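Each remark here refers to the structure printed beneath this line.
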């Protein structure tokens, strides 16, 4: 009986002590920030960035965490080599002077133990603005192929291009765009 009591105390003690933040490294093969906007009122255009790095810190028990994402702006992929070069130019991403964009969280809101919104600072073209990402899906569990502790999420926000000195052709090309991040990360 004493052994069972000691084991129970040990498990409970570990549950409290073991509940700590875990760092997850972003899987660049499955993390793609995307952006979409209305083009001349005719169509909704969608593009993505192919190279993303960063870390997510997540503490499920405490309902806390942080997100730090770096996007290689030169990796923009529109589906057209000519348009990729146009978007990389000084009128838009200006990748020569600003090779990365970043998002760094400042607060995460949790409901029912999962994140539902992430406030933070988005830096594009050297300009930093506060944004809030709405988390539309979140999963935490063992990755079925890597057999590692993993997390995944989809989150989005709306920004104005002109706030980041990228407003050329507005309003013909919509100044407002939707930024969506599909993210997967594995425990470090």
Listed values [x] 305; [y] 129; [z] 147, entry calculated as volume of the Cα convex hull per residue in Å³: [y]
Scattering curve values for the range 146-186, log₁₀ I(q)/I(0), Debye with Cα scatterers, q = 0.19, 0.33, 0.34 Å⁻¹: -0.63, -1.03, -1.06
What Kirkwood hydrodynamic radius do you get for the range 86-129 when you take the inverse of the mean 1/r over all pairs of distinct Cα atoms, in Å? 12.1 Å
Alpha-carbon Debye profile of the range 97-163, log10 I(q)/I(0) at 0.12, 0.13, 0.28 Å⁻¹: -0.41, -0.48, -1.18
Can you check what the Kirkwood hydrodynamic radius comes to for the range 25-98, Cα pairs only, in Å to one decimal? 14.1 Å
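Note down the relative contact order for the range 20-187 as a percent, whole number, built from C-alpha pairs under 8 angstrom at least six residues apart.
On the way: 413 pairs, mean separation 42.3, N = 168.
After rounding, I find 25 percent.
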What percentages make up the Cα-Cα pair-distance distribution of the range 54-133 when the bins are 10 Å wide from 0? 18, 37, 26, 15, 3
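Bear in mind these aren't lab numbers, they're just calculated from the coordinates by the rules spelled out. These numbers were taken from a predicted model, which means no experiment stands behind them.
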